[in-house]
Structures are given as C-alpha cells and as structure tokens.
Amino acid sequence: MNPNLASIMPQVIGVWCRELGHDVSFVCYTGLEDLLTELPSQVDLVFIGAFTESAHTAYALSNLFRSKGAITAIGGPHARCYPEDALRYFDYVLGFTDRETLHDILRECCPHRPLGIHIAARQQPKTLPGVRERWQFIEPTLKTAPLIKIVPMLGSLGCPYTCSFCIDAAVPYQSLDFDGIQEDLRFLLTKFRRPMVAWHDPNFGVRFDDYLDVIERAVPRGRIDFIAESSLSLLSEPHLKRLERNGFQALLPGIESWFDLGNKSKTGAQIGMEKVRQVAEHVNLILRYIPYVQANFVLGLDTDQGPEPFELTKRFLDLAPGAFPGYSLLTAFGRAAPLNLDYQRANRVLPFPFHFLNNNQAMNVTPRNYSWRAFYDHVIDLTAYSFSWQAIARRCRATRGLTARGMNFVRAVSTEGFGRLRYHRDVRRRLDSDPQFLPYFDRETTELPGYYLDLVRKDLGLLWEWLPEGALEHDPNAYSKSEPEGTHALGSLLGIASEGRKNPAAGRV
Ligand code: B12
Ligand code: SF4
C-alpha cells in the first residue's frame, strides 16, 4: 500500500524544477527501497519532503549529500513543525512553498552552515500543478504498488474549522482551480480503466456542491472511485447519496473525542453516551451509502479522564460495528497547532525522538488525567477490544463488498491492529520492568531508554552511520521559547520571507 500514500508536494517541486530548466531525479521512499543505491550520487541541490517520523532519515540523507558537496533543503510536515531543529542539518528549511519561494532557492543555491535559513511563502500557494503535470512522477511511483493504485489529488487547502490541535486551525480555507480539477479527472480516465483517487484535502467537501458538480461534469457516473477525509458535519444524508452516486468508496471522518470538538461531528454540546449514540447512528447511515468508513479518534486528550472515554469508544464499536477505528495517541508536533504552545508552557511535552512521533509509537504529551501505566492499560484494553476476533467478525458482517472486508481484515491482523497491540503491550510491560522507562516518561531524566535507541538504529539501517551527532535530541519547547507569553503565535506559522539573493545557475536537483 505504501506507494499509494505518497505525498503530492514532492511531485510539485519536481514539476516546478523541470519547468525552470533543471535536470531532476525523483525518488519516492516507500520504506522498502535501498536509498543508498536508489539515490543519484551527483546532485547540486537535494529537496527532501519529510514527515516528522522520517526526520532522522532526512537528516542522515542531508549529511550524506552534503558530504558529496550538495546543497540540501527540507520541506513538508517536519519542516513546518520543527523548523528550528531542521535548520541544524539543512541549508534551507521551507514552510509554505510556492513557485516563487522555490525559484528564490534555486537562484541562490548556496550553503548556509552551520545554521540553515528558514524560508516560507506568506500563505499557501494559490495554484499547484495538477495530475497531468505530476504524472511523470506519479506513474513511476505507482508502478511499485502491486494491486491497488491510488492517485493523490487536492481540491482545497486549509480548513474553515479551528480545532485547536490541528495544523490547519490557522490556515484559511481556499479551493483550488475547478477547471484544473475537471481536466485532471478526465486525464485519469485515459490512464486507467477504473481510476482510484484519494483526495488529500484536510477536510474534503467544504464547498460540497461545487466539488460534486465538477466531478459530475468530468466523470461518467461510477467511472472513478474516490477516497476522502471529511468531517461528520459535512456528511448529511443528501450529501451521502450524492457521494454514493459519484463513486465514493471510503470516507475517513474525525470523531476525535466524546467530550470535545462537537462542532466537527455535528453533535453540538452533546457529550458522553449521548454523543456515542448520535455518532454511531450517523456512521451507520454513512455505511449504508459508502462501503468503507474509518472513524478517527485521539486518545489522551485533556478532556478525557478515567475509563469512561475508552468504554464509550467500545460502545461506539458495538453500535457501529462496520467502522474501522483509527486511533492516534495525542501528539504535539512542535509548532503545528496553537494548542501545542499550552502544552509546552505547562512543561508537558516529552523529548521523544522524532522517529517515534507518528501518533502511535509514542505519545509526547504527559496526559493530564492519567498516570502512564493507567493510560497504557486503557489503550491496550481498547485496542484489544477493537481487534479481537469477535470485533473483526462483526466488522466483516457489517461491511459490504469484498474489498472493504479484505481491507478491514488485513489492517486488523497486520502491523496496524495486532502489531500496535503487541507494541503497546511491550511498552506497558517495560513501564513496570525496565528501570529506564518510567523515569523517562515522567521526565525525571532525559536519557532515552536503550529500547528506543535500538529501534531507531535498526530502522535506519545503513543510514544510521550518517545520522549527525546530537540529531536524536531536540528541544521539545522550542515553539514556546520563540513566542512571548500570552500569544497564540499564528504569525509564526507563516515563517519568514526569503531575501532571495540572485545566483542564476540551473543545476541537477
Ligand atoms: C493528506 C494527509 C495524509 C495522507 C497523505 C500522506 C502523504 N504522504 O502526503 C495520508 C492519509 C496517507 C496521511 C498519513 C499520515 N499522516 Co497525514 N496528513 C495529511 C494532511 C491532511 C494534508 C497534507 C497535505 O498534503 N496537504 C497539502 C499540501 C500541499 O500542503 P502542506 O502539507 O501544508 O504543505 C505545504 C508545505 O509544508 C510545503 N511542503 C510540503 N511538502 C513539501 C515537500 C518539499 C520537498 C518542499 C520543498 C515543500 C513541501 O509546501 C506545501 C505548500 O505550501 C495533513 C494535515 C494538514 N492539514 O496539513 C496530515 C499530516 C501531514 N499527517 C500527519 C501524520 C502524523 C500522518 C501519519 C503519521 C498518521 C498515521 N499515524 O498513520 C501518516 C504518515 C504518512 C506518511 N509518512 O506518508 C501529521 C504530520 C505531522 C508531522 N509533523 O509529521 C499531519 C500534519 C496531521 C497532524 N497530525 O497534524 N496523511
Ligand atoms: S475539521 Fe479537521 S482539518 Fe479542519 S481544523 Fe478540524 S481537525 Fe483540522
């Protein structure tokens, strides 16, 4: 599946660089490639797009390329969330990136060491190259996906909601060019017998009728399958009927919590069991029209206490057995969200190495209302319940279609369901038995338990040798240190503009 989860933005950078006359090599790392052999050996400038979970891979690669004389730049979620840290290892660290920002870097292209420079456009780009232009990079990436091939598309950026834990809380909503979207959909019909498209919009369907009008104009009914992340408040029955007619096969609504964020789930002030009943009914309604539903939850929010939130999620699974539950451990990704300032100011953020910050392998915020042992007990109990054989069988019975059933089964018994359960149990056991664990979790020491060190070393493989010294540590409070008390720091999400010195030399990127 991994090539189907590839990001759009590195493809965009590739398109823009070629348009500006550069000779571009593009490598999409899906976790299986041997990067040391796949990557080109001689380049002038390297752009790396990375999530925080792959920051150490990115840092090691930057070090490797710099040793061969290249200039390095990082963009993507990690660069947006932890720019101060990335500046230690890259010449350029990018926030919002438009064509102009990229052009400035290509023109200048010179080393900035020991500390790189942080460059960001004032806002999200107004336009991005579509599928037709990105096809040169999409096609080779999807070649490595054996069965299902999913094309990533974007219809909008930002979100009108302001959930305080979200990276889009401060980013204004904007839709992308509808004509371009229409053309891309038509283009895809020439490439696959039945294309499958995943919308990477943070919240698909905000201008619902406009998007569905475009799809209906471009696509003969049912010729393209779609997947989208959306919020329950946008998924009314008339909308669901229209989505079904237009080939939507999977939706991923965020429920997040039974005690918070009512505006997202259209449950208003309702909380607790009331909300469970209402949301379960809504999810069952969705399942009548859409074969696959993943319901997303955040575990460990400040509004949660005692066993109740976890028990309520179990009741939800009983009442809506067809939904696949996606659990995220509360994670404060640096300066991603306004709420992170509060966690940092309250000294609640743990310095877990970036490698573990993928919403599952570590929770880097001290829970307000649980001890670590109690918290993990609840997480394990809920995960075991969600992926028990009874729950898997119930999910299978409540889902339509072979693909949806197959996906649910594979996800439950692979690294996601069973794998995470094993991992959480291992962590819980070590909270009792490994003398390094609890002191680290309780922030009595910053010495990383050997267990985690071994895991990063193993995962990085040969790249471990290239990981710069000190790169496993970062300042978990960097965001709050850069903001005066009392601010909510929205300005800093936009970064600083480039001065863009001129040095026009087209090169290999
Ligand atoms: C679509 C999406 C996905 C998709 C596609 C993932 C992918 N590989 O791109 C799916 C569903 C697969 C997914 C999975 C995950 N996701 Co996700 N996802 C998003 C989402 C909703 C939109 C991102 C997006 O594409 N936006 C459109 C682009 C154009 O805008 P942008 O991201 O703001 O990028 C701008 C700049 O950052 C810059 N830029 C971006 N990339 C690059 C690259 C280069 C080279 C350069 C120069 C610039 C640059 O330019 C852009 C234009 O200004 C964001 C939330 C959000 N609203 O941003 C979360 C988000 C990115 N995901 C997140 C997480 C944690 C995950 C998972 C770990 C969750 C999980 N446990 O499974 C996985 C990891 C997947 C992986 N490693 O590939 C976090 C990342 C936090 C972090 N610092 O790492 C985010 C921010 C959500 C959050 N929790 O706050 N995700
Ligand atoms: S609705 Fe979703 S994308 Fe929008 S701000 Fe809330 S969590 Fe973020």
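Of note:
- Relative packing of peptides 8-17, 359-368, 155-164 - highest average C-beta neighbours within 10 Å first: 8-17, 359-368, 155-164
- Accessible surface, the chain, averaged per residue in Å² (probe 1.4 Å): 43
- Within the accessible area of the stretch 253-378 (1.4 Å probe), percent carbon and sulfur: 50
- Legend: residue pairs 275/314; 143/458; 143/191, Cα-Cα distance threshold 23 Å; pairs beyond threshold, 143/458.
- The simple Förster model, with R0 at 51 Å and r as the Cβ-Cβ distance, assigns residue 346 and residue 183 a FRET efficiency of 0.55.
- Among the cysteines of the chain, those whose beta-carbon sits 4.7 Å or more from every other cysteine beta-carbon are 17, 28, 81, 109, 110, 159, 396.
- Here the stretch 453-479 is scanned for amide nitrogen atoms under 12 Å from the site 7 Å beyond the Cα of residue 436 along Cα-to-Cβ, giving 453-457.
- A simple charge model with +1 on the Cβ of Lys and Arg, -1 on the Cβ of Asp and Glu and nothing else charged puts the dipole of the stretch 175-230 at about 460 debye relative to its Cα centre.
- Taking a ≥ b ≥ c as the square roots of the eigenvalues of the Cα gyration tensor, the stretch 206-341 is prolate, since a/c reaches 1.5 or more and a/b is larger than b/c.
- Sequence-distant aspartates and glutamates (8 or more away, or on other chains) whose Cα lies within less than 12 Å of residue 126: 98, 100, 177
- Taking 0.36 nm per residue of separation and subtracting the current Cα-Cα distance, fully stretching the chain between residue 194 and residue 23 would add 58.3 nm.
- Förster radius 25 Å - calculated FRET efficiency between residue 368 and residue 453, Cβ distance, rounded to 0.05: 0.30
- Taking a point 7 Å from the Cα of residue 207 along the Cα-to-Cβ direction, the residues of the stretch 142-177 with backbone N closer than 16 Å to it are 154-161, 172-177.
- Separation of the stretch 365-442 and the stretch 14-69, taken as the distance between their Cα centroids, equals 34 angstrom.
- Point-charge dipole on Cβ atoms (K/R +1, D/E -1) for the stretch 251-397, about Cα centre, debye to 20: 300
- Accessible area of residue 372 in the full protein assembly, 1.4 Å probe (Å², nearest 10): 10
- Cα gyration tensor category, rounded, prolate or oblate, for the stretch 299-339 with a/c compared to 1.5: oblate
- Cα-based Rg of the stretch 169-229 normalised by 2.2 N^0.38 Å, two decimals: 1.15
- For the chain: rounded, prolate or oblate by the Cα gyration tensor [a/c cutoff 1.5]: oblate
- The ratio of the alpha-carbon radius of gyration of the stretch 47-119 to the globular-protein estimate 2.2 N^0.38 Å is 0.98.
- Accessible surface of the stretch 50-203, 1.4 Å probe, proportion on carbon and sulfur as whole %: 56
- Expected-Rg normalisation [2.2 N^0.38 Å, Cα atoms] applied to the stretch 114-190: 1.42
- For residue 88, the accessible surface of its heavy atoms amounts to roughly 100 Å² (probe 1.4 Å, protein chains only, rounded to the nearest 10).
- Helical runs assigned H by DSSP (4 residues or longer) give the chain a calculated mean residue ellipticity at 222 nm of -11500 deg cm²/dmol, each run adding -39500 (n - 2.57) before division by the residue total.
- Along its principal axes, the stretch 40-172 has C-alpha extents of 39, 39, 29 angstrom, given from the largest down.
- Longest to shortest principal axis, alpha-carbon extents of the stretch 302-404, angstrom: 47, 29, 21
- Here the extension length gained between residue 426 and residue 271 equals 52.5 nm, from 0.36 nm per residue of separation less the Cα-Cα distance.
- Solvent-accessible area, 1.4 Å probe, carbon plus sulfur percent, for the stretch 380-476: 55
- Unit charges at the beta carbon, dipole of the chain: most positive-side option, 354, 431, 306: 306
The values are calculated or read from the model by the stated rules, or taken from the named source; none is laboratory data. Computed from a predicted structure; not experimentally measured. Please note: Cβ atoms are built from the backbone with ideal geometry, for glycine as well, and neighbour counts cover all protein chains shown. Heavy atoms of the whole protein, side chains included, go into the accessibility calculation; ligands, DNA and RNA do not. Shrake-Rupley method; radii C 1.70, N 1.55, O 1.52, S 1.80 Å.
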